[in-house]
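Scroll down for the structure; my scribbles are underneath it.
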Amino acid sequence: VVLRTLFSYNRGVKIKAIVFDLDDTLLDTTTLLIPIARTPAFYERIRKPLPLMEGSRQNLDYLVKKYPLFLLTIGDLESQKAKIKSLGIENYFQDLFFVDPNQTETKKMYFTKLVDNLRLQVGEFMSVGNRRSIDIRDAKFAGGLTCLFKYGEHLHEEPILPEDYPNFEITHHNQLIKTCQL
């Protein structure tokens, strides 16, 4: 589903980087981890091999050959690092960025830093994530295209600002490449 946004999707603009969210985008946190959050079982589980969401490894295998990939996640630093290690996905990404929710950091700050470091223009990066309020909105504020992965605990998050509407929406990883024209 292609939706209207603040800036229209220009097919002439070439995507030069893709930024993935982790929780409920690559890892099914809602099913596997939220039920045991804040328990010893949670910390034990994230240190054992975790499965990627169906179709996501195929997407990463395909996309890493065409684009620089980045991971931008928010949450407890040690837990996020343990999840990434358990998934075995570190080598897909040129860099991993961790937003500390206990600080004043935001995903927008990291999107902006990425744009500046890679000297990207409006529309030259895409954010793929499941939260309108941070994966979509913050990427749009930094000039990115966005793909909302409609899944997980934030599935029913309602748009509040115009920037909360993504350029693309998917419900399964097998839709990502075709829908987002990657």
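The values are calculated or read from the model by the stated rules, or taken from the named source; none is laboratory data. Please read all numbers here as calculations on a predicted model, not as lab measurements. With ideal geometry, Cβ positions are generated from the backbone for all residues, glycine too; neighbour counts draw on all protein chains shown. When the accessible area is computed, the model is the full protein with side chains, heavy atoms only, and any ligands, DNA or RNA have been set aside. Shrake-Rupley method; radii C 1.70, N 1.55, O 1.52, S 1.80 Å.
Observations
- Listed conditions (1) modelled with pLDDT of 95 or more; (2) surrounded by fewer than 12 Cβ atoms within 10 Å (Cβ to Cβ); (3) within 25 Å of Leu155 (Cα to Cα) are all met by Asp61, apart from (3).
- Residues in the stretch 68-95 that are in contact (Cβ under 8 Å) with a residue 24 or more places away in the chain, surrounded by fewer than 16 Cβ atoms within 10 Å (Cβ to Cβ) and of a type in the set (A, V, I, L, M): none.
- Test: residue in the stretch 147-158 that is under 14 Å from the mean Cα position of the chain (by Cα) and within 12 Å of Val19 (Cβ to Cβ): yes
- Filter pass, Glu163 being in a loop (DSSP other than H, G, I, E, B) and open to solvent by 20 Å² or more (accessible area, probe 1.4 Å): no
- Tally, over the stretch 36-56, of residues that are more than 18 Å from Thr179 (Cβ to Cβ) and either open to solvent by 40 Å² or more (accessible area, probe 1.4 Å) or at pLDDT below 95 (or both): 13
- Unique residue being farther than 23 Å from Ser79 by Cα and either modelled with pLDDT under 95 or hydrophobic (A, V, I, L, M, F, W, C) (or both) when the list is Val13, Val19: Val13
- Summed over the stretch 115-141, residues that are open to solvent by 10 Å² or more (accessible area, probe 1.4 Å), touching a Phe, Trp or Tyr at 6+ places or on another chain (Cβ under 7 Å) and under 16 Å from Val99 (Cα atoms) total 1.
- Thr106 being at pLDDT 95 or above, open to solvent by 10 Å² or more (accessible area, probe 1.4 Å) and among the polar types (S, T, N, Q): no
- Being in contact (Cβ under 8 Å) with a residue 40 or more places away in the chain and either within 23 Å of Asp164 (Cβ to Cβ) or not in a helix (DSSP H, G or I) (or both) is true of Phe111.
- For the stretch 27-79, the set of residues classified as over 30 Å from Phe125 (Cβ atoms), in a helix (DSSP H, G or I) and of a type in the set (Ser, Thr, Tyr) consists of Tyr43 only.
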